[in-house]
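Working notes, structure below.
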Amino acid sequence: MQTALLIILAGLVVLLTLLLTVRLRREHKQSSPYDPASLERFAELIRTSILEGDIQNVANRVSQLLREPCGCARIMFLRRRGRWLELSYHYGLENVGRRAVQVRNTLGLIDALRASPLPDSIGNLRLHLPKKLMDSLSAWGCNLYFPVFWRDHLYGIYFVAGNAEVMSPAFRVIVASVAQSLSAAYHVKWHEHKYERLQEELNTLRTVNGKTARESPPPQLPGILKLVRHRDSETLVGRIFDEVRRDVGLHRCTFFYQAKHSGEPVRLDGDNGPMNIVAPDRESFARLVTGLEGDIPHDLSMFSRIDAGLAPLEENLRAAGLQHVASFQLTEQRKGVMVWADERPPQEVLNRINQHRLTAAELMANAESFEEVESLSYTDSLTGLANQRYFMRRLDEEIDRAKRYGRSVALIIFDLDDLKGVNDRYGHQAGDQVLTQMGDLLRKSIRSIDVVARYGGDEFCIIMPESDKATCSQFMHRLQQKIAGWQFKLSQMDREVTCTVSLGGAIYPQHGETPEQLIYAADMALLKAKESGRNRAQVC
C-alpha cells in the first residue's frame, strides 16, 4: 500500500511539474511577444528589399514585422498624398472608412512628427489629429505611432496596437531604423519618378507628329538624365563632369571638388594630357571656392591672387592650355571648381555649364539618399563599425583610386589573441562587451580617411589610403601597444580584463594588385605574427 501511495505521489509531482512548465512557457510567451533576433532578421530582410528597389515588397515586410515578431494586433498606415494623409494599409481593423481616417498634412503635425523618429504614444498627437480619428484609434486599441520621415519629406505614419513590452528599447530602435529605411527608399523613388517624367516631357518636345518640335532640345537633357539610377555619389561626380563637358563641347577641361567625407583630400577629374596636375590641399581649396563664388568666369590668375600657395598649380594649368575658372557647386558639402579652355566667350560657356547645375545637384541628392539607405546594411550591430560587406566595397574603391593616381594603400587585418578564453571564463556577454569596446577604441585610433570594419567574429580590418609600408608598420605597432595596455570593463561582473592582438599588414601594389590578393597577403602576415608568439605586428 505504501509503495502504491509513493508511486501515485510521484506521478502527481510529475504532472504538477509539467503543468507548471506549460504555464510558465505561456506566461513567458505572452510577456515577450517578440524575439530580438527575429526583429534583426526582419530588419535585415527589409533593408535588402529596399536596396533592390521594390517599395511594395518593403511595405509588406514592414507590416509583417509588426504583425509577427512584434505581436501588433492592429496596424494602420496613412500615406501622404499631396496635402493629405490617406489610408494605404490596415490590419486587424474592420469597416474602416477611408474618409474617416483622412488627415490634413499641416505644419503643426509635421513639427510634432519631426520631434522624435522613435515609436511614441499617440497621445502626443492629439492636438494635430481630428477628434474623430483619435476616438477611433482609442477604440481600436492603437496606442503607438511612428513616422516615415526623410529629412523634410513626410511619407506617412504608422499607428499600431502594442502592449507595454513592445515599447522596449530594442523594439523602438529597430522599428525606427526600419522606418528610416522605408522613408529613404520612398525618397529615392521620388527622385526617380521625377526624372522619368522629365524624360517623357523631353520625348514629347522632341517629336510632334513625327517632326522635330525644337531646333535644340534643353541642353541638360538627355545625357545627364541617364545617370538618375547611378547609386555611388563618389563615382557619380566624374560621370556628371563627363556629361557636362560633352554637352557644352569642352575638349580641354578639369574639375576640382571636395570628397564626400570632410577629412579626405580634394579630388580632381579631367583629361589634361601629359601635365602632372595635382589637386590643392583642403585649406587652399576652401579659400579658392570662396573667392570664386558667383556666376562669373575668371582668368587663371585668380589662383595666385586668392592664395599665393596656388601659384604652382596655376602654372601647371596654364601649361596644359587651360584659361578660365569658375565655381561649380554640386551640393552644399561638395564644392567644385571648373577650369577650361575654349574659343567662345567665357561667360557664354559658363552659362551653358550652369544649365546643368540644378540637375547635377538633384542627381547627387538622389545618390546620397540611396547611400544612406545602403549604409544601414553596412553596419555591424555589435560594434557599430562597418561590416565585411562595406569593407569589401571600400577596399575595391580605394585600390581603384590608388591605381588611377599611382598611389599606395595599406591593409591591416588583426584579431584578438584569446577572446575564446574570455568567453570561457566570463561568458559570451563578456566577450561581446570586449568587442563593443574594441569598436570604440578603433574609431578613436584611426585617421579620418581610414576605414575600420569588423570582418567577422573577433577579426577586424583597417584600410589606410595614401599609406606606404613604413606608415603602416608604425601605425600597427602603436595600435598593438595601445590595445595591450587597455582595460576592457566587464560591467556585469564589475571587473576589468586585458587583451592583446596580432596584426598582419600588406601594401598595394607591392603585395597585391587586387582586393583578393591584398587580403591574402595581409592574412599570411597575420599568420606569421601568430606563429611568432602572438601580440605581434607583421608587415609582408
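The value given for region 98-142 is a Kirkwood hydrodynamic radius of 11.2 Å, derived from the mean inverse Cα-Cα separation.
Assuming R0 = 22 Å, can you tell me the calculated FRET efficiency for the pair Glu234 and Lys482, based on Cβ-Cβ distance, to the nearest 0.05?
On the way: r = 31 Å, r/R0 = 1.40.
It comes out at approximately 0.10.
Applying 0.36 nm per residue to the separation of Ser491 and Val278 and subtracting their alpha-carbon distance, the gain on full extension is 71.6 nm.
Within region 494-533, what whole-number % of the accessible surface is contributed by carbon and sulfur, with the 1.4 Å probe and all protein chains included in the calculation? Intermediate values should be presented prior to the final figure.
Working: 950 of 1950 Å².
Reported share for carbon and sulfur atoms: 49 percent.
Against the criterion of solvent-accessible heavy-atom surface with a 1.4 angstrom probe, Cys540, Cys461 sort, most first, into Cys540, Cys461. Per-residue accessible area (protein heavy atoms, 1.4 Å probe) orders Lys420, Lys260 as Lys420, Lys260, starting from the largest.
Counting only protein heavy atoms and a probe of 1.4 Å, the accessible surface of region 372-450 is 45% carbon and sulfur.
Averaged per residue, what accessible surface does region 436-475 expose to a 1.4 Å probe, in Å²?
With the other protein chains kept in place, region 436-475 gives 39 Å² per residue.
Scattering from region 64-106 was approximated by placing one identical point on each alpha carbon and applying the Debye formula without solvent; log10 I(q)/I(0) at 0.25, 0.27, 0.28 1/Å stands at -0.85, -0.91, -0.94.
Applying 1/(1 + (r/R0)^6) with R0 = 30 Å to the Cβ-Cβ distance of Lys420 and Arg389, what FRET efficiency is obtained, to the nearest 0.05?
Details: r = 25 Å, r/R0 = 0.84.
For R0 = 30 Å, the calculated efficiency reads 0.75.
For the pair Thr290 and Lys528, what calculated FRET efficiency results from E = 1/(1 + (r/R0)^6), where r is the Cβ-Cβ distance and R0 = 45 Å, to the nearest 0.05? Calculated transfer efficiency: 0.35.
In this structure the amide hydrogen of Phe328, modeled in the peptide plane, comes within under 5 Å of the amide hydrogens of Gly336, Val337, Met338, none closer than 5 places in sequence on its chain.
Would you mind checking Lys260/Lys403; Lys260/Lys489; Lys260/Lys528; Lys420/Lys469 for any pair whose Cα atoms are more than 26 angstrom apart?
Working: Lys260/Lys403 20 Å; Lys260/Lys489 35 Å; Lys260/Lys528 37 Å; Lys420/Lys469 31 Å.
Where the Cα-Cα span goes over 26 Å, the pairs concerned are Lys260/Lys489; Lys260/Lys528; Lys420/Lys469.
Over the Cα atoms of region 394-485, what is the Rg over Rh ratio if Rh follows Kirkwood?
Values: Rg = 14.9 Å, Rh = 14.4 Å.
Radius of gyration relative to Kirkwood radius: 1.04.
The values are calculated or read from the model by the stated rules, or taken from the named source; none is laboratory data. These numbers come from a predicted model, not from an experiment. Please note: Cβ atoms are built from the backbone with ideal geometry, for glycine as well, and neighbour counts cover all protein chains shown. Accessible surface areas use protein heavy atoms only, side chains included; no ligands, DNA or RNA. Shrake-Rupley method; radii C 1.70, N 1.55, O 1.52, S 1.80 Å.
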